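Okay, so here's the structure we're looking at.
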Amino acid sequence: MPESIHVPITCDRLPSYAHPEDAGADLTASEAVELAPGARATVGTGTSIALPEGYAAFVMPRSGLAARHGIGIVNAPGTVDAGYRGEIRVTLINTDASVPYSVAVGDRIAQLVIMPVVQAEFIPVDSLSESPRGTSGFGSTGYRDSEEGARE
């Protein structure tokens, strides 16, 4: 198992890992919210953390909420910087066109993934080196494996 880091926390409910090998710790709602079809709301978690320098936390959607109810996170992943000490809030969106979704206090609404990060030193240049991909962007590789079935 990789080494763990100590993260000071104030919270209503301690984030927890469902399984020992999980990357994301579940964050729970600290307030009840009703999400109408197509609506979004920022939901409190009652959780604040003090990450060590060189780390960031990323707030990720829960796949079960997305698959079963169409609930996602608007700005996924949300970034929590090491210097931030406020409450972690999650902006949920109900993508279902006709069914509302109720969030109750204590519901697992997101996952928190903590990762080491580095800051880049940006160096202005006149041009960039060539690469096999070049400037090909969105959808440039298609979405099927075979040439015959490849589509843009």
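The values are calculated or read from the model by the stated rules, or taken from the named source; none is laboratory data. If you're wondering where the values come from, they're calculated on a predicted model, not measured in any experiment. Cβ placement follows ideal geometry from the backbone for every residue including glycine, while neighbour counts extend to all protein chains displayed.
Take the conditions of a type in the set (A, V, I, L, M), part of a loop (DSSP other than H, G, I, E, B), out of contact with any Asp or Glu (no Cβ under 8 Å at 6 or more places or on another chain) and surrounded by 10 or more Cβ atoms within 10 Å (Cβ to Cβ) and apply them to Ala76. Does it pass?
Spelling it out, Ala76 is indeed of a type in the set (A, V, I, L, M), part of a loop (DSSP other than H, G, I, E, B), out of contact with any Asp or Glu (no Cβ under 8 Å at 6 or more places or on another chain) and surrounded by 10 or more Cβ atoms within 10 Å (Cβ to Cβ).
Which residues, taken from segment 51-68, are exposed (fewer than 15 other Cβ atoms within 10 Å of the Cβ) and either assigned to a strand (DSSP E or B) or not charged (D, E, K, R) (or both)?
Just the residues of segment 51-68 that are exposed (fewer than 15 other Cβ atoms within 10 Å of the Cβ), to begin with: 52-54, 63-64, 66-68.
Result: Pro52, Gly54, Ser63, Gly64, Ala66, Ala67.
Would you please list the contacts, defined by Cβ atoms under 9 Å and residues six or more apart or on different chains, that run from a residue in segment 1-26 that is free of Cβ contacts under 8 Å to residues at least 24 places away in the same chain to a residue that is acidic (Asp, Glu)?
Met1/Glu21; Ser16/Asp26; Tyr17/Asp26; Ala18/Asp26
Touching a residue at least 24 places away in the same chain (Cβ under 8 Å), surrounded by fewer than 13 Cβ atoms within 10 Å (Cβ to Cβ) and assigned to a strand (DSSP E or B): which single residue out of Ser102, Ser48 fits that description? Spell out how you get there, then give the answer.
Values: Ser48 fails: surrounded by fewer than 13 Cβ atoms within 10 Å (Cβ to Cβ).
Ser102 is the lone residue from the list that is touching a residue at least 24 places away in the same chain (Cβ under 8 Å), surrounded by fewer than 13 Cβ atoms within 10 Å (Cβ to Cβ) and assigned to a strand (DSSP E or B).
Would you check which residues across segment 104-152 are of a type in the set (S, T, N, Q) and modelled with pLDDT under 90 and list them?
Thr135, Ser136, Ser140, Thr141, Ser146 - these are the residues of segment 104-152 that are of a type in the set (S, T, N, Q) and modelled with pLDDT under 90.
Tell me yes or no: at least one residue of segment 120-132 is charged (D, E, K, R), buried (at least 17 other Cβ atoms within 10 Å of the Cβ) and part of a loop (DSSP other than H, G, I, E, B).
Checked segment 120-132: no residue is charged (D, E, K, R), buried (at least 17 other Cβ atoms within 10 Å of the Cβ) and part of a loop (DSSP other than H, G, I, E, B).
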